[in-house]
Every structure is written in C-alpha cells, then in structure tokens.
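Take a look at the structure below.
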Amino acid sequence: MSDTAPTAADLSADIARVFAAQQEHQWDVKASTAEERKAKLAKLKDAIGAHTDDIIAAVRKDTRKPEAEIRITEVLNILGNIQLNIDSLEDWMKPTEVIPTNNPDDKAMIVPEARGVCLILGPWNFPLGLVFGPLAAAIAAGNCCMVKLTDLCPNTAKIAKTIVEEVFEENEVAVFEGDVSVAEALLDLPFNHIFFTGSTRVGKIVMAAAAKHLASVTLELGGKSPVIIDEGADVAAIGAALAGAKQFNGGQACICPDYVFVKEDQKDALVDSFKTNVANNLYEEGKINKEAIAQIVNEGNFARVKSLYDDAVAQGATVAAGGVLEAEDLTIHPTMLTDVTPQMKILQEEIFAPVLPVMTYDNLDQVISYIEARDKPLALYIFSGNEDNVKKVLDRTSSGGVTVNGVFSHYLENRLPFGGVNGSGIGSYHGHFGFKAFSHERAVYMHMEAA
C-alpha cells in the first residue's frame, strides 16, 4: 500500500456521498428485526475469523505487539463480543413494560431504538478491538456507521476496510482510511451519535464538534489510574500483577496502572517482586526479548515518555528497576521509579508506557486526599484485605471502574459497564451497556380507549 495516507480532500466527495446514503438508509436499518441483525453480526464474525492471519500480520506490522496479545485483544475478544450480542439481542430489544400511574388500564413501555447514523473513531493502542467492539454494539442496536481507524495503524485500517466491505454495503457500514484531516472532515457531519476512544485532549475536540449538531457522544478516554496497596497486603503477588499489567501492550492501555501508593516498609519488597517478574517474563540471559513486548507506537510518543522519565530523574526520582529506553526501535524496558513527588511531570500526565512511579504514604487518608484533588481516573485499583478500608476508598473517591485485589478485572467482565467519568470519559459500553450506548430509550404511552 502507499505510504501516503489519503486526505480529506481526496475523500471529500466519497465521505459526503456515503453519509447521504446512510442517512437515507437508516430507517430501513432501524426497522430491522433481531434475526436480521443477528445474521449481520454472524457474517461479521465469520469474516473476522477468516481473516485472523491477516489481522495478526497487520497489527504486528503496525505495532510490533506479541502475536499472543494480538490474538487475544484483536481477534478472540472481538469474536466473543460479537457472539454475546448475537446471544443476547432478542432480550435487549424487548420493550420494558411500565404500568401507568394514573390509569393502569392504559399501556406504557420503554422501547430501545437506534440512534441513526453513527461515527466510530478508533485509537492506536488496540486498533481493531476498540473499533469492532463498538461496531458490533452499533449493529446490534440497528444503526448505520461510518468508521475511522487511526492513521498510526494503516495496515490494520486496510484489513478493517476489507472485512467491512465483505460484510456490509456502504450505505450501512463504511470504513475510511487516511490521516487526521479525514477524521476532522467526518466530525463536521451531523451524526446522531459519536463514539470516540482516545486521549482526553482529543476527546474535548470530539465533544466540541458533536455540540455543533447536538449529537450524543460516548467518550472512552483515560487518565492517571492509581493503585493503592493497603498495609498488610501481599506485595510479592501485587508486584507480579503490576509488572504483568505494565508489560501488557507495552503499558499502552487506558486502564493500565499509572502510579502506586505503598507503605514505606513494603516498598522494597514491591520493587523486588516487580523486577523478578519482569526478568522472568521478558529477559533471556540478561537480554530483553523484544518480541515479547510491544514497542511505543511512534517517535513522538517515545519522546514524550522519555521527557517524563528524564524530568523525574532530574528531580530526584530513583530508578528502582529498568530505566533503559531504546530510541532506535522505540523500546522501553519495564521501569519502576521510587522517590517520586507530585511536582514531577510523570505524576501530572498519563504515562501510557511501561513506566510505573511509586509513592509512599503514612495513612490512608493521605492517599484519598491526593486522589480526591485530581481528575477522576478511568480505573482505580485497591489491594487490601480490610473491608472497611476498601469501603472508605470507594465512598471517598470516584473513577470509571474499580478492581479490588487485582488488575483489569472490571474491564474484562462484560456484565459490567466500562467507561470513564468526567475527564476520563462520558458514557459506557460492553455487553448490554454497549447496546444501550447506541440506543435511544423511547417512551411510548398508549391510551387503551379512543379519545
């Protein structure tokens, strides 16, 4: 394929034509039955399965992710999500009956209906999974969709376009390749709903564009997700869990632990566990196996992370583990920093890399006050055997989701809503919540006697 991504000017006529076609076709799609929607989802699932090798090759070329990670996040998770929509769709589409307050002989119901023509804008960290997951929900809810993958993963965007064109007519689902100007051109259109996954900075741009047309939005953003290690917790197990989390996708996940609070007398044991796990999982004869960890996505992001790291070290942070940043192939070795302080940039910006700052604390109230004073994170992790302390943290903080005594679990459970709050996002999805994100709950009241 060409190294030059198409621009909005190249695609402007196509974008306008497809949008107009979807606007016209949306009413037929909205009226589709559960069986018709399930058939589309099944066809999409089959196409993804048939292109598994192509998907793995494309994502690997774009990101250097380990094949096992790609298979899980960009294939198996998508297939499982599509199947959940297929299995549940009839129940999700059923109206919810309500007994009228003033006249119980009348009928009332809440009917989920399609939002209409939707825009899905995807990120680079899970370029296919975080597009096809929302797309499955949008299809289940009876919408038309225009889809734009990130231009940082052009090979993945190309295979996504191939798959979609095999399954759908463009007046129902269409994928557009190209640079950021294409996304900007799409955002100028009066979509009914916009689903965006990415940074908080870009999320504000998307929300401003949506406001021009009063489009509803789902914004899946990020933020600095804290880890609280309570006194008496098993730091050996926790260090291993945190090392695994920071190695996953090279630490480039929106729910990745971003900084840690630990008691001073537990810090050294936490560091030792982190170092041991990294050494066992990533190193062979003292040399890192680069095939086992994703690279940082591009030079710009590598430079950003290195700047955060350099600033912390310059201000007195201790490199307790790792500390090797290889610019030539964008590899950052899993790193743990201790003696960090709030004025360091690494505690002010989302890191999005396998670098983990550690702070110590004297009492839980200090930790809670620190979290309360900052933007609400996407995820919060608490390791504790003390139910009262867990409840105190839950009562006194706010975050998109929480996992207690583990990492990522609230994300992996599809019966829970996944999403942020304020700076970390608006709205939620996964499972039934994804169907609801792409649906309007329509109130219907029926007088049973003619007026």
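Is it the case, given these coordinates, that VAL393 is among the hydrophobic types (A, V, I, L, M, F, W, C), within 27 Å of the chain's Cα centre (by Cα) and assigned to a helix (DSSP H, G or I)? Write out each step before concluding.
Numbers: among the hydrophobic types (A, V, I, L, M, F, W, C): yes; within 27 Å of the chain's Cα centre (by Cα): yes; assigned to a helix (DSSP H, G or I): yes.
For VAL393, the condition - among the hydrophobic types (A, V, I, L, M, F, W, C), within 27 Å of the chain's Cα centre (by Cα) and assigned to a helix (DSSP H, G or I) - is met.
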Open item on the list: Which residue is nearest to LYS246 (Cα to Cα), if the candidates are limited to the range 45-90 and must be of a type in the set (Gly, Ala, Ser) and open to solvent by 30 Å² or more (accessible area, probe 1.4 Å)?
Closed with: ALA68
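Here is a check on your reading of the model: is THR162 open to solvent by 40 Å² or more (accessible area, probe 1.4 Å), among the hydroxyl-bearing types (Ser, Thr, Tyr) and either part of a helix (DSSP H, G or I) or without any contact (Cβ under 8 Å) to a residue 60 or more places away in the chain (or both)? Give the steps one after another, and end with the answer.
On the way: open to solvent by 40 Å² or more (accessible area, probe 1.4 Å): yes; among the hydroxyl-bearing types (Ser, Thr, Tyr): yes; either part of a helix (DSSP H, G or I) or without any contact (Cβ under 8 Å) to a residue 60 or more places away in the chain (or both): yes.
Yes: the conditions hold for THR162.
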- [ ] Scan the range 364-382 residue by residue and report those that are open to solvent by 10 Å² or more (accessible area, probe 1.4 Å) and closer than 22 Å to ALA237 by Cα.
- [x] LEU364
TODO: Taking only the range 79-128 into account, find how many residues are in contact (Cβ under 8 Å) with a residue 60 or more places away in the chain and either part of a strand (DSSP E or B) or among the acidic types (Asp, Glu) (or both).
DONE: 15
Open item on the list: Quick check on the range 276-291. Is at least one of its residues surrounded by 14 or more Cβ atoms within 10 Å (Cβ to Cβ), on the phi < 0 side of the Ramachandran plot and in a loop (DSSP other than H, G, I, E, B)?
Closed with: no
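Return yes or no: is ALA320 over 25 Å from the mean Cα position of the chain (by Cα), in a helix (DSSP H, G or I), of a type outside the set (Val, Ile, Thr) and surrounded by 14 or more Cβ atoms within 10 Å (Cβ to Cβ)? Explain how you work it out, then say what you get.
Numbers: over 25 Å from the mean Cα position of the chain (by Cα): yes; in a helix (DSSP H, G or I): no; of a type outside the set (Val, Ile, Thr): yes; surrounded by 14 or more Cβ atoms within 10 Å (Cβ to Cβ): yes.
No; evaluated as a whole, the condition is false for this residue.
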- [ ] Check MET359 against each of (1) open to solvent by 50 Å² or more (accessible area, probe 1.4 Å); (2) assigned to a strand (DSSP E or B); (3) not polar (S, T, N, Q) and name the one condition it does not meet.
- [x] (1)
- [ ] Find the residue count for the range 2-14, including only residues that are surrounded by 14 or more Cβ atoms within 10 Å (Cβ to Cβ) and outside any helix (DSSP H, G or I).
- [x] 3
- [ ] Sort through ALA292, ALA279 and tell me the only one that's in contact (Cβ under 8 Å) with a residue 60 or more places away in the chain and over 22 Å from LEU380 (Cα atoms).
- [x] ALA292
- [ ] Determine if the range 408-419 includes at least one residue that is crowded, with 23+ Cβ neighbours inside 10 Å, in a helix (DSSP H, G or I) and touching a residue at least 40 places away in the same chain (Cβ under 8 Å).
- [x] no
- [ ] Could you tell me which of the residues ALA21, ALA8, ALA47 is under 23 Å from GLU177 (Cα atoms) and in contact with a Gly (Cβ under 8 Å, 6 or more places away or on another chain)?
- [x] ALA8
Open item on the list: Quick check on my filter: what residues within the range 324-377 are in contact (Cβ under 8 Å) with a residue 60 or more places away in the chain and touching a His at 6+ places or on another chain (Cβ under 9 Å)?
Closed with: PRO354
Open item on the list: For a quick check of your reading of the model, give me the residue pairs whose first member lies in the range 380-396 and is over 17 Å from VAL407 (Cβ atoms) and in contact (Cβ under 8 Å) with a residue 12 or more places away in the chain, whose second is part of a helix (DSSP H, G or I) and among the β-branched types (Val, Ile, Thr), with beta-carbon atoms closer than 7 Å and at least 6 apart or on different chains.
Closed with: ARG396/ILE368
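Just checking, how many residues over the range 323-356 are assigned to a helix (DSSP H, G or I) and over 26 Å from LYS65 (Cα atoms)?
Taking the range 323-356 as the starting set, the residues that turn out to be assigned to a helix (DSSP H, G or I) are 327-329, 345-347.
Going one step further and asking which of them are over 26 Å from LYS65 (Cα atoms), we end up with 345, 347.
So the count comes out to 2.
If you go through the range 15-32, how many residues are under 17 Å from PHE435 (Cα atoms) and open to solvent by 70 Å² or more (accessible area, probe 1.4 Å)? Spell out how you get there, then give the answer.
Within the range 15-32, the subset under 17 Å from PHE435 (Cα atoms) is 26, 29-32.
If we keep only those that are open to solvent by 70 Å² or more (accessible area, probe 1.4 Å) too, we end up with 31.
So the answer is 1.
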Open item on the list: For the range 210-246: of the residues being open to solvent by less than 10 Å² (accessible area, probe 1.4 Å), of a type in the set (A, V, I, L, M, F, W, C) and assigned to a strand (DSSP E or B), which is farthest from THR276 (Cα to Cα)?
Closed with: LEU219
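The values are calculated or read from the model by the stated rules, or taken from the named source; none is laboratory data. Everything numeric in this text was worked out from a predicted model, so none of it was measured. Every residue, glycine as well, gets a Cβ built from its backbone with ideal geometry; the counts of neighbours run over all protein chains shown. Each accessible area value is taken on the protein alone, full model and side chains, heavy atoms only, with ligands, DNA and RNA left out. Shrake-Rupley method; radii C 1.70, N 1.55, O 1.52, S 1.80 Å.
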